[in-house]
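Structure first, commentary second.
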Amino acid sequence: MIRRAVQDDIPELARIFLEDLRETYADILPAEYFETQTLHTAQKTWSAFLSQTENRCFVWQQDGKIAGFAGVRPAEENSADRELSALYIDRNSQGQGIGKKMILSILKQARDGGASA
């Protein structure tokens, strides 16, 4: 089930974000970068994202837990349009098609709401 993220979701969003960041970019970014990325900084990042009224964050909830989340914000080229700015899936939920389901659901909501996707 997809729903809008709320402030109470931030600790779980930060955990998923940080785990995915470390796993995805481990061989790309220098180790020093990851030393600056803590649960606290990740919570601040997603709290700031949620506090901006033009941004939207959606979570995919499965079996009572957040299995993934996506961030949508105004497009840089045209703020009337929206762009998918983040998509993170919990490592235990990867490979189940959750990312695809989230993208399709967000596109449908954007179209139904009159916003360009």
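Observations on the structure shown:
- Among the residues making up the range 44-64, those that are open to solvent by 30 Å² or more (accessible area, probe 1.4 Å) and under 21 Å from Leu104 (Cβ atoms) are Arg56, Trp60, Gln61, Gln62, Asp63.
- Ser79, sole failed condition from (1) of a type in the set (S, T, N, Q); (2) more than 28 Å from Arg22 (Cβ to Cβ); (3) within 15 Å of the chain's Cα centre (by Cα): (3)
- Pairs where the first residue, in the range 15-43, is of a type in the set (Asp, Glu) and the second is surrounded by fewer than 12 Cβ atoms within 10 Å (Cβ to Cβ), C-beta under 7 Å, 6+ apart: Glu19/Arg91; Glu23/Arg91
- For the range 7-43, a residue qualifies if it is open to solvent by 80 Å² or more (accessible area, probe 1.4 Å) and either among the hydrophobic types (A, V, I, L, M, F, W, C) or in a helix (DSSP H, G or I) (or both), and the qualifying residues are Gln7, Asp8, Arg22, Glu23, Thr24, Tyr25, Ile28, Glu32, Tyr33, Glu35, Leu39, His40.
- Flag for Lys108 being open to solvent by 50 Å² or more (accessible area, probe 1.4 Å), within 17 Å of Ile16 (Cβ to Cβ), in a helix (DSSP H, G or I) and among the charged types (D, E, K, R): no
- Residue ID - nearest to Arg73 (Cα to Cα), chosen from residues in the range 6-56 that are touching a helix residue (DSSP H, G or I) at 6+ places or on another chain (Cβ under 6 Å) and of a type in the set (Gly, Ala, Ser): Ser47
- Residues satisfying the stated conditions in the range 65-105, i.e. exposed (fewer than 12 other Cβ atoms within 10 Å of the Cβ) and in contact with a Phe, Trp or Tyr (Cβ under 7 Å, 6 or more places away or on another chain): none
The values are calculated or read from the model by the stated rules, or taken from the named source; none is laboratory data. Values in this document were obtained by computation on a predicted structure and should not be read as measured data. Cβ coordinates were reconstructed from backbone atoms using ideal geometry, including for glycine residues, and neighbour counts include every protein chain displayed. These area figures cover heavy atoms from the full protein model, side chains too; ligands, DNA and RNA do not enter into them. Shrake-Rupley method; radii C 1.70, N 1.55, O 1.52, S 1.80 Å.
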